[in-house]
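What follows is a single structure, written as structure tokens, with notes after it.
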Amino acid sequence: MNITENHPATDYRAMADYLEHLLTRQADRLRSYDIDGACAVAEETTSLAEELSRRRILDQPEFAEQRRKLQQLYRDICLTIADQRQEVADKLNQIHQGIKALGSYAGK
């Protein structure tokens with residue numbers, strides 16, 4: 001997707017607002033374990049974030065609050081992913097232990 005086709009280059013505030021909206025949707029989908037949905041949103045998020053970053057829009061003083069919000073959303077997403085990764089690891093460990101237990105019973 002070409003960002004400037006959908007968002008005029010002069011409308012950086014709208015671009016930043018839309019990025020915030022996308023990150024919120026991505027975080028919500030991750031929290032509800034909708035990984036496919038979160039990945040789909042992440043594709044659009046990535047191109048928009050890259051465009052804002054390339055133009056250094058969020059480095060400007062008038063975008064300080066927006067930058068803070070976006071950073072918090074990125075942190076939330078990272079924490080959600082880390083938490084879910086740990087949950088999956090714990091469940092895999094339980095499955096592995098169950099398989100070992102079944103194997104020891106089968107051997108008797």
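The values are calculated or read from the model by the stated rules, or taken from the named source; none is laboratory data. Keep in mind that this is a model prediction, so the values were computed, not measured. In this analysis, Cβ positions are derived from the backbone assuming ideal geometry, glycine residues included, and neighbour counts consider all displayed protein chains.
When you scan the range 77-88, do you find a residue that is among the acidic types (Asp, Glu), assigned to a helix (DSSP H, G or I) and modelled with pLDDT under 95, even just one? There is at least one residue in the range 77-88 that is among the acidic types (Asp, Glu), assigned to a helix (DSSP H, G or I) and modelled with pLDDT under 95. Do the conditions hold for Arg68, that is, is it in a helix (DSSP H, G or I), farther than 18 Å from Ser32 by Cα and either out of contact with any Leu (no Cβ under 7 Å at 6 or more places or on another chain) or touching a residue at least 40 places away in the same chain (Cβ under 8 Å) (or both)? When the stated conditions are applied, Arg68 passes them. Every listed requirement among (1) loosely packed, with under 14 Cβ neighbours inside 10 Å; (2) modelled with pLDDT under 95; (3) in a helix (DSSP H, G or I) is met by Met1 save one, (3). A count restricted to the range 28-40 and to residues that are of a type in the set (Gly, Ala, Ser) and exposed (fewer than 13 other Cβ atoms within 10 Å of the Cβ) stands at 1.
Quick test for you: out of Glu43, Glu62, pick the one residue that is assigned to a helix (DSSP H, G or I), surrounded by fewer than 14 Cβ atoms within 10 Å (Cβ to Cβ), of a type in the set (Asp, Glu) and within 14 Å of the chain's Cα centre (by Cα).
Glu43
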